[in-house]
Amino acid sequence: MLKSLRFIVVAGLVMIGSIGMVACKGANGTSASSGEPYFALTLTSGSLFFGHIIKQDNQYITLKDVYYLQRTPPPAGSKKDEGPGLTLVKQENDPYGPKNQLIVNREHLLLYQELRDDSKVVEVIRQQEAVAAAAGAPKK
């Protein structure tokens, strides 16, 4: 059990690195619209979430504008060792209709980190926000 938990945690951290957190410019990963920094939360289950921390206390951390990484199957005809790709998904778009926030019990939180402005995750989130704004989707 412990080995599989370690693997999941390491895999989550590798996923963060694999989507390209590159050269430090010293800037925070802030939302273009709100100016609030983005954070990455890694849970003990291996799940990885991104968003703005809007509230925290001794027991819970609450995120808004929540995104997570989802594995996508490799395209047909791709090499076997390329493995699945990763897509950044906005949680509120899930079929079960969650609100635009996530409340995490600190007992299940392995670590959290503030993201830089030049983070690939923040860049993708901004691109998705821009596409949604252009399509006339309301900002929640």
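For this structure, a couple of remarks:
- Selection within segment 91-121 - in contact (Cβ under 8 Å) with a residue 60 or more places away in the chain, closer than 14 Å to Leu48 by Cα, out of contact with any Ser or Thr (no Cβ under 6 Å at 6 or more places or on another chain) and assigned to a helix (DSSP H, G or I): Val121
- The residues of segment 93-121 that are among the hydroxyl-bearing types (Ser, Thr, Tyr) and surrounded by 15 or more Cβ atoms within 10 Å (Cβ to Cβ), listed by number, are Tyr112, Ser119.
- Single residue of segment 122-132 satisfying the filter (among the aliphatic types (A, V, I, L, M) and at pLDDT 90 or above) that is farthest from Ile53 (Cα to Cα): Val131
- Among the residues of this structure, Leu102 does not count as one that is modelled with pLDDT of 90 or more and over 15 Å from Lys64 (Cβ atoms).
The values are calculated or read from the model by the stated rules, or taken from the named source; none is laboratory data. What you see is a predicted model; the values in this text were computed from it and never measured. Here Cβ is always computed from backbone atoms with ideal geometry, including for glycine, and neighbour counts include all displayed protein chains.
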